[in-house]
Amino acid sequence: MGVVRVLFAWPEARRWALFPLGLAILTLVGAHFLPWDSLTRRPWMPRALLATYAAAMLAQFVFCLPDPDAELLFPVGAVMITVAAATTIGSRAGITIGVGGFTAYLLLLFAQPSLDLPLSSSIAAVMGGVAGLCVLTANNRRHHLAERRAAERRTAALMENGSDAVLAVGDHEVRYASTSTGRILGRDAATLTIADLGDMTHPDDFERVQEFLGKLRLAGAGATDRLESRSRATDGTWLDVEVTATNHLDDPDIQAIILSVRDVSTQKALRAQLTRQAFEDPVTGLPNRALLLDRILTAVRRHARTSGRVSLLLIDLDDFKKINDTRGHMAGDDFLRTVAQRMTAAVRPSDTLARLGGDEFAVFVEELDDIGLHAMAERLLAEIKQPVRLGTTDLIGTASIGIATLKSTQDADGDAANDLMRDADLAMYAAKAGGRDRISVFDPSMYTAAVMEAEARTELERGLANDEFVVNYQPIVDLPSGKLVGVEALARWQHPERGLVAPDAFIAQAERTGLIVALGAHILRVACHEVARWQREIPGAENVRVSINLSARQFQEADLVDTVRAALTDSGIRPDLVVLEITESLLMQDVDATVVTLHELRDLGVRIAIDDFGTGYSSLSYLRRFPIDILKIDKAFIDGITLDSDDATLAEAVVGLGKALRLSTVAEGIEHIDQQEMLSDLGVTYGQGYLFARPGTADEIAAMVREHYGPDY
């Protein structure tokens, strides 16, 4: 602008001003090549620019003084300088330069020989308005620029710390790579190329990745898809990555496919671990029950179409609990692992050997006839019998194996797979019941028996819930005098349909199912309360005692002592009038534990009797350890005591043993007067049997007690 004014508006004598103007132009051109990126970071740069713009405003003022149209020329240059200052330094600097320019303009006007005040005022107003708008625009621009840079910094920070590497891949180049690429994929984001992406891709996945990207390009703008692949890290290891891709090729601002790449190696390893945990036994590494059932179901459905057959061998290790109890669970796990390895060698590669839990294993077999199944079971038994070294000891195990086969004619559904498992389980329990260490093949009668067993259990549970079990009592008398001294409590089932059911019909079932524990506790409570009531209500009957049988299952319960204590406390009966009867065989199951429990019971004040003595086996040395008060002679010895000298001798021996151990004796099953007389002569203390009375209800026996303890007895 200055060059034009000098050439066309100034007199020739002043055209020397073209030289400083030319130098100014050259200076501006040269300044273009300065390292402004680094210069703008210097702390002194804003002050230097402010001084430069002030000098430029002063030069503009001096330049315009001799110009004939100074009042028009100066505002144009002043506005340009003000806008430049506001844009490059800031709004505050722009205002400062603008005020200086406005002041200079006023001085310039007063220096003119003739002043057109309206025109000059208008120009001054326009100058101030334009400069103000420019300053405001520059300020807004700087504000928006600062916000954009802050957003860019936040985005960069999020991407750097995010779990994804973000790439913008064009047709021939990587247009953008987030800084997180280096952390996630181990590649420098600044130098990443298309070739690098190809080298990073696993060779087995390369064609699949190319096909994936090709389909995405053809799908058009905005199409998104996902792919799992493998990427090579800088250390040579392969990462499992999940790639989410979106087509932005048609977007003029992007023109690339945006890839979001996430390292899912940890998640994939965790999924694999969870899958193993869901379908693999943690101790042996074999398939577990869930995987076995899945394979059975798949095979059943397949063979239903091909007329094949599938079979299952269910294997239960005999007495494995003893290993855990005596050697500890770690030794038990070692034993299981060794047996599992040996059984694996005994089955075919196509068969599935699984551990169902505890000491149960199963072998799922396809297309093997009965002879082959039996031969496989024999091999398994032989492998299990091989000694297993645990520490310094060799252990030899046995197993019971049940075999079941599902024919192709049966329904191919989930129930069929469960039925196969159930049938093999029934056969295995039949093998255990037959003596263990043997093989049993499923027979439909086993299922019928199991159903009957389940129905019987359900009926027992209903009977207990409905309080259908009652207590009958059989009197116990003093043999020499025949006077009633006590009663034995006997369980009876008052069945709503079958009437009064004897114990032979339900005690064994209650023992097998464990319901004997609840039933025994019920009989104990009722008997204690009934006899305590007689003692309170019948004069002279204060010392009538009650004998109550304890089953082996009750004796195994940890809360047996608490149960007895509660019955004594609730009823108020004297503990020394309660006799707990246990069998001789029960004593020998776990001698040490039995001694402890018996002493705890004796500490309550109750007395202990051995029922059916002589029918089992017990060492005399062990008998001395047990806190026993009474020996009950089994009815089997009493029946022939008057006819068979051997029975008489055995009865006499038991009585002598009782006397030697300072124990009372009770003879069971006395039915004839001569049996009473002989037993009394032998020194037997008490007796019970049909000779004296049959078992009766509480009211019937209470009447008998009144008779025995009445004033006329």
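The values are calculated or read from the model by the stated rules, or taken from the named source; none is laboratory data. What you are looking at is a predicted structure, and each value in this text was computed from that prediction instead of being measured. Using ideal geometry, Cβ is built from the backbone for each residue, glycine included, and neighbour counts are taken over all protein chains shown. Heavy atoms of the whole protein, side chains included, go into the accessibility calculation; ligands, DNA and RNA do not. Shrake-Rupley method; radii C 1.70, N 1.55, O 1.52, S 1.80 Å.
Amide hydrogen proximity for Leu239: with H placed 1.01 Å from N in the peptide plane, the residues at 5 or more positions away or on another chain lying under 5 Å are Ser231, Arg232, Ala233. The eigenvalues of the Cα gyration tensor, multiplied by 5 and square-rooted, give the chain an equivalent ellipsoid with semi-axes of 109, 37, 22 Å from largest to smallest.
Between Ala256 and His248, Leu249, Asp251, the built amide H atoms are under 5 Å apart, and every one of these is 5 or more places off in sequence or on another chain. Computed about the Cα centre, the dipole magnitude for segment 640-713 is approximately 380 debye when only Lys and Arg (+1) and Asp and Glu (-1) carry charge, each at its Cβ. As an equivalent ellipsoid, segment 468-562 spans semi-axes of 26, 17, 13 angstrom, where each value is the square root of five times an eigenvalue of the C-alpha gyration tensor, largest first. Each part gets one Cα centre, and for segment 38-66 versus segment 500-557 those centres are 114 Å apart.
Charge tally for Leu479 (other residues, Cβ to Cβ under 11 Å; Lys, Arg +1; Asp, Glu -1): -2. Taking the convex hull of the alpha carbon positions in segment 349-406 and averaging its projected area over all directions gives 4.9 nm². For segment 352-467, what class follows from the C-alpha gyration tensor (a ≥ b ≥ c being the square roots of its eigenvalues): rounded when a/c is under 1.5, otherwise prolate if a/b is larger than b/c, else oblate? Judged from the Cα gyration tensor, segment 352-467 comes out oblate (a/c at least 1.5, b/c at or above a/b). In segment 28-100, the C-alpha radius of gyration followed by the widest Cα-Cα span (Dmax) gives 13.6, 43 angstrom.
Within a Cβ distance under 14 Å of Gly220, other residues only, what is the Lys/Arg minus Asp/Glu net charge?
-1
Once all protein chains are placed together, Arg706 keeps about 120 Å² accessible to a 1.4 angstrom probe. Carbon and sulfur: what percent of the chain's accessible surface (1.4 Å probe)? On the chain, the fraction of accessible area on carbon and sulfur atoms equals 56 percent. Segment 631-663 and segment 346-371 have Cα centres separated by 55 Å.
Taking only protein heavy atoms and a 1.4 Å probe, what accessible area per residue, in Å², does the chain have with all protein chains in place?
It amounts to 53 Å² per residue over the chain.
With helices as the sole contributors, the chain gives -17500 deg cm²/dmol at 222 nm; each DSSP H run of n ≥ 4 counts as -39500 (n - 2.57), and the sum is divided by every residue. 3J(HN,Hα) along segment 177-192: 9, 5, 5, 5, 4, x, 6, 8, 9, x, 10, 5, 5, 6, 10, 5 Hz, from the Karplus curve 6.51 cos²θ - 1.76 cosθ + 1.60 with θ = phi - 60°, whole Hz, x for Gly and Pro. Under the membrane-span-like helix rule (DSSP H runs whose alpha carbons stretch at least 20 Å along the helix axis, mean Kyte-Doolittle hydropathy 0.0 or higher), the chain yields 45-64, 70-88, 91-110, 117-161, 370-384, 516-537, 645-660. Across the options Thr352, His374, Asn324, the greatest Cα extent toward the positive end of the charge dipole of segment 316-387 (unit charges at beta carbon of Lys, Arg, Asp, Glu) belongs to Asn324.
The equivalent ellipsoid of segment 303-395 has semi-axes of 29, 13, 10 Å, largest first, where each one is the square root of 5 times an eigenvalue of the Cα gyration tensor. Here the chain is treated with +1 on each Lys and Arg Cβ and -1 on each Asp and Glu Cβ, and its dipole about the Cα centre works out to around 4980 debye. So how far, in whole Å, is the C-alpha centre of segment 271-328 from the one of segment 217-237? That distance is 39 Å.
Packing order of peptides 354-363, 597-606, 498-507, 40-49, highest average first: 354-363, 597-606, 498-507, 40-49 (average count of other Cβ atoms within 10 Å over each peptide's residues). The H on the amide N of Val487, modeled in the peptide plane, is under 5 Å from the matching H of Ile476, Arg545, Val546, Ser547, each at least 5 residues off or on a different chain.
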